[in-house]
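Okay, structure first, notes after.
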Amino acid sequence: MIDLKYLQNNFNEASSKLQKKGVDTGTLEKLQALFQNLKEANAKLEAAKAEQNSMSKLFGQYMREGKDITELKAKVDANKEAMVPLQEQAREAEEALYRVALAVPNFPEDSVPAGTDEDDNVELRKVLEPKSFTFEPKEHWALAEKNGWIDFERGVKLAKSRFSVLRGDAARLERALINFFLDTNREKGFEELCVPFMNNAQMLQGTGQLPKFEDDLFKIEGEDLYLIPTAEVPLTNMYNDEILSEKELPVLMTGYTPCFRKEAGSAGRDTRGMIRQHQFDKVEMVAIAHPDQSDEVFEMMVQNASDILAALGLPHRVVELCGGDLGFSAARTIDLEVWLPGQNKYREISSISNTRDFQARRAKIRFKEGKKNRLVHTLNGSALAVGRTLIAIMENYQNEDGSIEIPEVLKKYM
C-alpha cells in the first residue's frame with residue numbers, strides 16, 4: 001500500500017505522481033476528504049482523552065484535601081461514556097481511509113516515462129537479430145495444426161474458450177522449458193520452491209490483487225481461497241507478517257506454477273492461439289531485498305530473463321514501461337518482448353517489476369536494522385512465461401515444411 005503519511009504530508013506532490021499512473025482526481029479528492037475526516041475524529045478523541053486524564057489526576061488531590069469526589073466521579077464517568085462513540089467514529093474514519101487506500105496503485109518512480117498506454121513505452125535495446133526467412137513464416141496455431149502439437153478444440157470441450165491441450169512433443173517441450181528455467185534461475189542464486197496453487201485472501205491483498213482485481217481471479221466456492229494468478233503471490237507472501245534479519249537479505253526465490261486468470265476486460269483480444277489463456281504455466285523470480293539493494297537486484301533479474309531468451313536464441317527487446325502502462329503494484333517495470341515472426345511483431349514474454357515497499361507495507365514484511373524495523377523492497381518477474389516461450393520457439397525455429405527445430409540448450413531436456 002502507498003505510504004499514507006507521505007501522501008498526507010506531501011499531498012500535491014503525491015497526487016502528481018499518481019496522476020502519472022492514471023489515477024483520477026476524484027479518487028485523490030476522496031482520499032483528501034477521508035484524511036480530513038480522520039484528522040477531525042482523532043482530534044475530538046484526543047481532546048476527550050486529555051480531559052479524562054486531567055480529571056483523573058484530580059482524584060488524588062481531592063482525596064488529600066478531603067474534598068467530596070462525587071461530582072468529579074460523575075464527570076469522569078460521563079466523559080468516559082462520551083468517548084465510546086468518539087472511538088468508534090475514529091475507527092470508522094480510519095477504516096474508510098484504509099479501504100480506499102488499498103485500491104490506490106503504487107507511486108511510479110520519477111524516472112518512469114510519461115504516457116498513457118503501451119504505445120508510449122520506451123525501447124531500451126534489442127537483443128539478437130530476427131531471422132530472415134526464405135518463406136512466409138506461419139503463426140503458431142497453423143504450426144500447431146500441422147504438427148499436432150496443440151489441441152484447441154478439446155481444450156474448449158474440457159473447460160471453455162481460452163483453454164487448450166498440449167500434445168506429444170509440445171507437452172514435452174513445455175516440461176523441458178520449465179526445467180531449463182528453474183535450473184538457470186537456481187544457478188543464479190534463486191532458491192527453488194514448490195508452493196500451493198491456491199492462496200487465501202490475505203495473501204492476495206498483500207501483493208495487491210485484492211481488493212481491486214477480484215473480478216480477474218478464480219475463487220474457490222465456499223472457501224477463503226483463490227487460484228493464484230501468478231507465483232508472485234505465494235513466493236512474496238512466504239514472509240508475510242515476518243521480520244527478517246538484515247544479513248538474510250536479499251532473499252531470492254523461484255518457482256514454477258500454473259497461473260489462472262479470468263482475463264476480465266480482454267474480450268476480443270488474441271482470441272486465436274495460446275497468447276492469452278485462462279490457464280498458463282510460468283516460472284517466476286521473486287526477491288525480498290534491502291532498500292539499498294533493490295536497484296541492483298532489479299537489474300540482475302532483468303538481465304537473467306534476457307540471458308534465458310538469448311540462450312534459447314530468441315530475438316527480443318527490452319522496454320521501459322510508461323506510467324500509464326505500469327501495473328498496480330509496480331514502481332518501475334521493464335518488459336521483455338520476444339520476436340514472433342508469424343505475427344511480425346514483438347510480444348511481451350516477461351515483466352520485471354520493483355514494487356519498492358508497496359507490497360511490503362500491505363504484507364507487513366520487514367527486516368531488523370539495528371534496533372529498528374524497516375520495510376523491505378519486493379521485486380518480481382517472469383523467467384519466463386512458458387507458453388509464450390513455446391510459441392516463440394515454434395515461430396522462430398520453424399522450417400518451410402512446417403517442422404520445428406529444438407533449441408540446442410533444450411535438447412538434453414528432450
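Calculate the spin-label point distance for SER245 paired with ASN12, positioning each point 7 Å from the Cα along the beta-carbon direction, and give it in nanometres.
4.7 nm
How about the range 149-233: which trypsin sites (Lys or Arg not before Pro) there lie in a loop by DSSP and see at most 11 other Cβ atoms within 10 Å?
Answer by residue number: LYS160.
I need the peptides 308-314, 278-284, 353-359 ranked by packing, meaning the mean over residues of other C-beta atoms within 10 angstrom, with the highest value on top.
Numbers: 308-314: 20.0, 278-284: 22.6, 353-359: 25.3.
Ranked from most to least packed, the peptides come out as 353-359, 278-284, 308-314.
Taking R0 as 22 Å, what's the FRET efficiency between ASP307 and TYR413 from their Cβ-Cβ distance, rounded to 0.05?
For R0 = 22 Å, the calculated efficiency reads 0.80.
Arrange the peptides 197-210, 365-378, 68-81 so that the one whose residues have, on average, the most other Cβ atoms within 10 Å appears first.
Sorting 197-210, 365-378, 68-81 by mean packing, highest first, produces 197-210, 365-378, 68-81.
Where only protein heavy atoms count, and the probe is 1.4 Å, what is the accessible area per residue for the chain in Å²?
I get 49 Å² per residue for the chain.
Computed from these coordinates, which is Rg and Dmax of the Cα atoms in Å: (1) 27.0, 107; (2) 20.7, 66; (3) 22.9, 86?
Label of the calculated value: (1).
Checking the cross-link filter: which lysines have an alpha carbon closer than 25 Å to that of LYS131, excluding same-chain neighbours under 8 positions apart?
Straight-line reach from LYS131, under 25 Å: LYS146, LYS345, LYS411, LYS412.
When the helix-only estimate is applied to the chain (DSSP H runs of n ≥ 4, each -39,500 (n - 2.57), divided by the residue count), what is the mean residue ellipticity at 222 nm, nearest 500 deg cm²/dmol?
-13500 deg cm²/dmol
Out of the total accessible area of the range 4-101 (probe 1.4 Å, heavy atoms of protein only), what percent is carbon and sulfur?
Answer for the range 4-101: carbon and sulfur cover 49 percent of the accessible area.
Just to check I understand the Karplus step: with θ = phi - 60° and J = 6.51 cos²θ - 1.76 cosθ + 1.60, what whole-Hz values come out for the range 140-153, glycine and proline as x?
For the range 140-153, the Karplus curve yields 4, 6, 5, 5, 4, 5, 4, 9, x, 8, 10, 9, 6, 5 Hz.
Counting only protein heavy atoms, what percent of the accessible surface of the range 118-413 is carbon or sulfur at a 1.4 Å probe?
Carbon and sulfur together cover 45 percent of it.
Please list, or write none, the lysines whose alpha carbon is within less than 18 Å of the alpha carbon of LYS282, excluding same-chain residues fewer than 8 places away.
The reachable lysines, counting only those whose Cα sits under 18 Å from LYS282, are LYS188, LYS262.
The values are calculated or read from the model by the stated rules, or taken from the named source; none is laboratory data. Everything quoted here is computed from the prediction, not taken from an experiment. FYI the Cβ positions are ideal-geometry reconstructions off the backbone, even for glycines, and counts take in every protein chain you see. Note: areas computed on protein heavy atoms with side chains; ligands, DNA, RNA excluded. Shrake-Rupley method; radii C 1.70, N 1.55, O 1.52, S 1.80 Å.
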